[in-house]
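J.: Sharing a structure below in structure tokens format, with a few things to ask.
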Amino acid sequence: MLWNRSIDISSHIGSLQNEHIYQQSGLTAYNASRYFTAHPRKHLRWTPPSGKWELTIAMQTEVQDFKYFGHYMDPCHTKAVRTFIQLTHERYKREIGAYFGDVVKGVFSDEVGLLGNFPWSAALPPFFAESQGYDLLRRDNLLALLHETSENTPRIRYGYFQSLHLLLRESYHAQLQRWAQRNKLSYVTEVNSIRAATQRLSTIPGGDSGHEKLGRPLAWILSKNAFSFRYNPKMISSIARQTGKGRALIECFHSVGWSMTLQDAKWMLDRFAAMGINMFNFHAFFFSIDGLKKHDAPPSQFLQNPYWRHFRQLADYAARLSYLMSEGTAAISVAVLDPTTTLWTHLGNPIHEFEYMGDDAYEKARLEALKADWAAICRELLLHQIDFDHLDPELLTEATVESGKLRIGHAAYSILVIPPIANLETGAWRQIEAFFANGGDGPRARFASLSVN
């Protein structure tokens, strides 16, 4: 592609009145007929010069028909989030606020995040310009989100995802956290993340795992959940330890189906605990399963289920397991650095397990190779009984280095494993250099020639 020869054809785009309406609503006795148009759509009329051209059209439109919500709130829009809090959280406060901090322990934010193959917000372009120092909407910059257009492509893609990360955290999570603190509540989350540190403001960070039945091979499960900040329990327990939180939560058991048994549930709880989870949010206890309700990500753990009369055994076991996993300190000395920014610059969408967003087969193959290497390292460590934490480079920049250890929150690491990467944030690289200089374990020779952007 000759991106330096691209041309702007936006002036050839207009509106086409798509729907024609006839009404009998005239104002006079002589004629009642009226004609209107509605629902205009954008229309391109352009004759390309000779040769082979690729058309790239970028449009900002409202998200529609997401699951059962119809429309969806923009969590990166500060005023929209403020209105959301007023219409929901403040209503609960008026009704049951007297119980906040006592009977009502916290507020739960579930699956809030950015949607679509290309996450977007109307707030992104101005925020990007302020934080990155240039205009994302310039044609060459916007094209970099689709194609490798120049040597600046990785920088633009990094700025795009990092801006979304900061916007989402500050516009949504920071407002909810402050509201919860003012009302003496824990801020509990199970959300889509741009990078692991998206959940750093949560009182109790959480994920959504446990959708298998007894007998699934562990290696299969570890591989399946490897690239998700939500589905991988190790991601959740890691961020909890590194931000000094006492609890790490997993929402579990939904979508396993009505055939799920108590044995299936216990098997999943044991795996979560082995991966550092100490709080379990069971899905779900249905008030009713009449009509279509029975199909909402079953099973129900409640009285509709034949094992309800035995449920006390599972509940007591989960409580004892949570207590046990909340005592003491995890003996984890190994951290595996997240290659998040490398996957960003290869157009891996973090909300969708770093699925490729572009249309370049060669770039997609590079992305898949990087993901496979990362997953293999993490899987083999666990299968060989070597416990570890995932480590977001953003949190690495805030670590202290002393006596050959990286100390972050409640965690202390003497070994840092770095999977194949193509870039690294400057602050993280400086911490790695300081770590090696102060006795940390790692292959020093291999990193001596690593180029850093």
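The values are calculated or read from the model by the stated rules, or taken from the named source; none is laboratory data. Please read these numbers as outputs of a predicted model, since none were measured by experiment. As a convention, Cβ positions derive from the backbone with ideal geometry for all residues, glycine included, and neighbour counts pool all protein chains shown.
J.: Among the listed residues Ser259, Ser202, which satisfies the condition of being more than 29 Å from Ala372 (Cβ to Cβ), of a type in the set (S, T, N, Q), over 17 Å from the mean Cα position of the chain (by Cα) and part of a loop (DSSP other than H, G, I, E, B)? Break it down stepwise before answering.
T.: Values: Ser202 fails: over 17 Å from the mean Cα position of the chain (by Cα).
Selected residue: Ser259, the only one of Ser259, Ser202 that is more than 29 Å from Ala372 (Cβ to Cβ), of a type in the set (S, T, N, Q), over 17 Å from the mean Cα position of the chain (by Cα) and part of a loop (DSSP other than H, G, I, E, B).
J.: Turning to a different aspect of this structure: Give the residue that is farthest from the chain's Cα centre (by Cα), with candidates limited to residues of segment 205-218 that are surrounded by 22 or more Cβ atoms within 10 Å (Cβ to Cβ) and either modelled with pLDDT under 95 or assigned to a loop (DSSP other than H, G, I, E, B) (or both). Can you show your working first?
T.: Filtering segment 205-218 down to residues surrounded by 22 or more Cβ atoms within 10 Å (Cβ to Cβ) leaves 205-210.
Restricting the remaining residues to those that are either modelled with pLDDT under 95 or assigned to a loop (DSSP other than H, G, I, E, B) (or both) gives 205, 209-210.
Numbers: Pro205: 12, Ser209: 14, Gly210: 17 Å.
Checking each candidate, the answer is Gly210.
J.: Kindly indicate which of Phe108, Phe84, Phe36 is surrounded by 10 or more Cβ atoms within 10 Å (Cβ to Cβ), under 32 Å from the mean Cα position of the chain (by Cα) and part of a strand (DSSP E or B).
T.: Result: Phe108 is the single residue among Phe108, Phe84, Phe36 that is surrounded by 10 or more Cβ atoms within 10 Å (Cβ to Cβ), under 32 Å from the mean Cα position of the chain (by Cα) and part of a strand (DSSP E or B).
J.: Further, regarding this structure: Would you say Ser300 is without any contact (Cβ under 8 Å) to a residue 60 or more places away in the chain, farther than 18 Å from Ile221 by Cβ, crowded, with 20+ Cβ neighbours inside 10 Å and polar (S, T, N, Q)?
T.: On the way: without any contact (Cβ under 8 Å) to a residue 60 or more places away in the chain: yes; farther than 18 Å from Ile221 by Cβ: yes; crowded, with 20+ Cβ neighbours inside 10 Å: yes; polar (S, T, N, Q): yes.
Answer is yes for this residue.
J.: Looking at (1) crowded, with 20+ Cβ neighbours inside 10 Å; (2) of a type in the set (A, V, I, L, M); (3) more than 24 Å from Gln60 (Cβ to Cβ), which is the one condition that is false for Ile156?
T.: It is condition (3) that Ile156 fails.
J.: Go through (1) touching a residue at least 24 places away in the same chain (Cβ under 8 Å); (2) touching a helix residue (DSSP H, G or I) at 6+ places or on another chain (Cβ under 7 Å) one by one and return the number of the condition Met73 breaks.
T.: (1)
J.: Can you tell me which residue among Tyr187, Tyr99 is free of Cβ contacts under 8 Å to residues at least 40 places away in the same chain and among the aromatic types (Phe, Trp, Tyr)?
T.: Numbers: Tyr187 fails: free of Cβ contacts under 8 Å to residues at least 40 places away in the same chain.
Every option except Tyr99 fails the conditions.
J.: Continuing with the same structure: Only one of (1) in a loop (DSSP other than H, G, I, E, B); (2) aromatic (Phe, Trp, Tyr); (3) in contact (Cβ under 8 Å) with a residue 24 or more places away in the chain is not met by Phe272, so which one is it?
T.: Single failed check for Phe272: (1).
J.: With the requirement that a residue be polar (S, T, N, Q) and under 19 Å from the mean Cα position of the chain (by Cα), what does segment 111-135 give you? So that I can check it myself, show each step before the final result.
T.: First pass over segment 111-135, keeping only residues polar (S, T, N, Q): 117, 121, 131-132.
If the condition is that a residue be polar (S, T, N, Q) and under 19 Å from the mean Cα position of the chain (by Cα), then Asn117, Ser121 are the ones that fit.
J.: Continuing with the same structure: Return the residues of segment 304-333 that are out of contact with any Pro (no Cβ under 7 Å at 6 or more places or on another chain) and of a type in the set (S, T, N, Q); say none if nothing qualifies.
T.: Start the filter on segment 304-333 by keeping residues that are out of contact with any Pro (no Cβ under 7 Å at 6 or more places or on another chain), which leaves 304, 306-333.
Selection gives Gln304, Gln313, Ser322, Ser326, Thr329, Ser333.
J.: Sticking with this one: Kindly provide the set of residues from segment 169-199 that are within 12 Å of the chain's Cα centre (by Cα), of a type in the set (Ser, Thr, Tyr), outside any helix (DSSP H, G or I) and closer than 16 Å to Val81 by Cβ, ordered by number. Write out each step before concluding.
T.: Restricting attention to segment 169-199, the residues satisfying the condition of being within 12 Å of the chain's Cα centre (by Cα) are 169, 189-199.
The next check asks that each one be of a type in the set (Ser, Thr, Tyr); those that pass are 189, 193, 198.
Then drop every residue that is not outside any helix (DSSP H, G or I), which leaves 189, 193.
Across segment 169-199, the qualifying residue is only Thr189.
J.: Which residue pairs have Cβ atoms under 9 Å apart, sit 6 or more places apart or on different chains, and have a first residue in segment 363-380 that is free of Cβ contacts under 8 Å to residues at least 12 places away in the same chain and a second that is assigned to a helix (DSSP H, G or I)?
T.: Ala376/Ser223
J.: Return yes or no: is Leu166 outside any helix (DSSP H, G or I), surrounded by fewer than 22 Cβ atoms within 10 Å (Cβ to Cβ) and free of Cβ contacts under 8 Å to residues at least 60 places away in the same chain? So that I can check it myself, show each step before the final result.
T.: Details: outside any helix (DSSP H, G or I): no; surrounded by fewer than 22 Cβ atoms within 10 Å (Cβ to Cβ): yes; free of Cβ contacts under 8 Å to residues at least 60 places away in the same chain: yes.
So Leu166 does not fit the description; no.
J.: Quick check, is Tyr413 among the aromatic types (Phe, Trp, Tyr), surrounded by 20 or more Cβ atoms within 10 Å (Cβ to Cβ) and modelled with pLDDT of 95 or more?
T.: In short, yes.
J.: Looking at (1) in a helix (DSSP H, G or I); (2) surrounded by fewer than 24 Cβ atoms within 10 Å (Cβ to Cβ), which is the one condition that is false for Ile236?
T.: The one condition Ile236 does not meet is (2).
J.: Only one of Arg446, Arg379 is assigned to a helix (DSSP H, G or I) and modelled with pLDDT under 95; which? Steps first, please.
T.: On the way: Arg379 fails: modelled with pLDDT under 95.
After ruling out the rest, the residue left standing is Arg446.
J.: Looking at segment 350-357, can you tell me whether even one residue there is of a type in the set (Asp, Glu), modelled with pLDDT of 95 or more and more than 20 Å from Lys224 (Cβ to Cβ)?
T.: Checked against the condition, which is being of a type in the set (Asp, Glu), modelled with pLDDT of 95 or more and more than 20 Å from Lys224 (Cβ to Cβ), segment 350-357 yields no hits at all.
J.: Also, quick follow-up: Tell me whether segment 241-251 contains one or more residues that are within 14 Å of the chain's Cα centre (by Cα) and surrounded by 18 or more Cβ atoms within 10 Å (Cβ to Cβ). Before the answer, list the steps.
T.: The first filter runs over segment 241-251 and keeps only residues within 14 Å of the chain's Cα centre (by Cα), leaving none.
Scanning segment 241-251, I find no residue that is within 14 Å of the chain's Cα centre (by Cα) and surrounded by 18 or more Cβ atoms within 10 Å (Cβ to Cβ), so the answer is no.
J.: Conditions first: (1) of a type outside the set (D, E, K, R); (2) under 30 Å from Ser6 (Cα atoms); (3) outside any strand (DSSP E or B). Met73 passes all but one, so which condition is the exception?
T.: Among (1) of a type outside the set (D, E, K, R); (2) under 30 Å from Ser6 (Cα atoms); (3) outside any strand (DSSP E or B), Met73 violates only (2).
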